[in-house]
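Structure first, commentary second.
The values are calculated or read from the model by the stated rules, or taken from the named source; none is laboratory data. Note that the coordinates shown come from a computational prediction; the quantities given were computed from them, not determined experimentally. Methodologically, a virtual Cβ is constructed for each residue, glycine included, from the backbone with ideal geometry; neighbour enumeration extends over all protein chains shown. Surface accessibility is based on the protein's heavy atoms, side chains included, excluding ligands, DNA and RNA. Shrake-Rupley method; radii C 1.70, N 1.55, O 1.52, S 1.80 Å.
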Amino acid sequence: MGNSGIFASHLTFTASLLSLTFCSKNMGFSLKFRYCLVAVMLLLPALSYSQDYFVKSRATYYGSPDCLGTPSGACGYGEYGRTVNDANVAGASSLYKNGTGCGACYQVRCTNPQICTDNGVNIVVTDYGEGDHTDFILSPRAYARMAQSDSAAHLFSYGVVDVEYQRIPCQFGGRQLQLKVHESSRYPDYLAIIVLYHAGKSEILSVEIWQKDTKEWTEMRRAYGAVFDIANLQGGPIYLRFQIRYSAGLRWVQAPNVIPSEWKAGVAYETDIQLY
């Protein structure tokens with residue numbers, strides 16, 4: 001279990017003890033007590049998910065001749081994963097979450113005050129990677145930006161450094177959500193999509209597509225990383241909806257008729273929505 005998991009478990013255990021104490025003193029072991037305990041248990045996932053605190057960890061960096069991200073990352077972003085967020089990107093281990101963590105943003109700062117800045121760097125998760133007990137493998141550019149202006153070389157000499165991180169909202173300068181038809185798609189019967197410029201702090205749990213022949217929503221498969229696909233399409237307009245998780249819980253967001261009937265592989269289609 002990573003540091004974030006340990007902290008969340010500690011938070012859950014502590015909050016449960018406090019709630020049990022409060023409820024037992026004021027209500028006794030009664031039906032009201034059971035209602036109180038259920039309410040606390042429902043609240044805890046939201047408390048753990050919000051992660052408005054820093055978690056201690058370690059970080060390293062990967063080799064890159066241009067100091068940018070990699071177009072072959074496990075999230076499936078391609079060129080977007082190489083340059084998004086001014087190439088301040090990273091591979092994550094436990095925070096990858098089997099692809100659900102793709103596109104999440106974190107503030108990462110190393111903890112050596114002699115060579116590191118107070119703010120560190122804000123990164124986007126675009127890949128999966130495991131290092132020496134690390135949560136992040138940063139692009140060289142992102143790794144260097146944790147250092148003070150004259151200490152980057154010194155920081156690189158460490159290879160692996162102690163850091164602390166927290167989840168932050170992604171910001172893309174007001175850009176709207178884009179749905180890219182993945183290059184592996186084959187018109188007209190096999191469609192794979194990936195979401196770009198996903199702002200805020202929410203996570204995409206699933207994607208569904210409206211099937212006009214059966215008149216029902218069908219769940220798309222998470223092929224890998226952040227790539228969702230479906231075979232045997234019937235043609236016509238593409239209507240999608242996303243199940244997202246955010247600090248207040250779950251909700252569905254629809255994106256009707258964003259991808260045209262005659263879609264093309266490799267093309268990104270801009271929406272007028274955001275999945276905050």
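Observations on the model:
- The stretch 249-267 - residue that is open to solvent by 80 Å² or more (accessible area, probe 1.4 Å) and hydrophobic (A, V, I, L, M, F, W, C) and, of those, nearest to the chain's Cα centre (by Cα): 250
- Being farther than 30 Å from residue 118 by Cβ, β-branched (Val, Ile, Thr) and not in a strand (DSSP E or B) is not true of residue 218.
- Pairs, first touching a residue at least 24 places away in the same chain (Cβ under 8 Å) and within 11 Å of residue 109 (Cα to Cα) in the stretch 120-138, second open to solvent by less than 10 Å² (accessible area, probe 1.4 Å) and among the aromatic types (Phe, Trp, Tyr), C-beta under 6 Å, six or more apart: 123/106
- Meets criteria (open to solvent by less than 20 Å² (accessible area, probe 1.4 Å) and closer than 21 Å to residue 68 by Cβ) for residue 152: no
- Any hit, the stretch 164-178, residues being touching a Gly at 6+ places or on another chain (Cβ under 7 Å) and open to solvent by 70 Å² or more (accessible area, probe 1.4 Å): no
- The listed residues are 157, 139, 57, and the only one of them that is open to solvent by less than 10 Å² (accessible area, probe 1.4 Å) and over 17 Å from residue 198 (Cβ atoms) turns out to be 139.
- Residue selected from the stretch 232-247 under the condition open to solvent by less than 80 Å² (accessible area, probe 1.4 Å) and not in a strand (DSSP E or B), by the criterion nearest to residue 276 (Cα to Cα): 247
- Meets criteria (of a type in the set (A, V, I, L, M), open to solvent by 40 Å² or more (accessible area, probe 1.4 Å), more than 30 Å from residue 117 (Cβ to Cβ) and within 22 Å of the chain's Cα centre (by Cα)) for residue 205: yes
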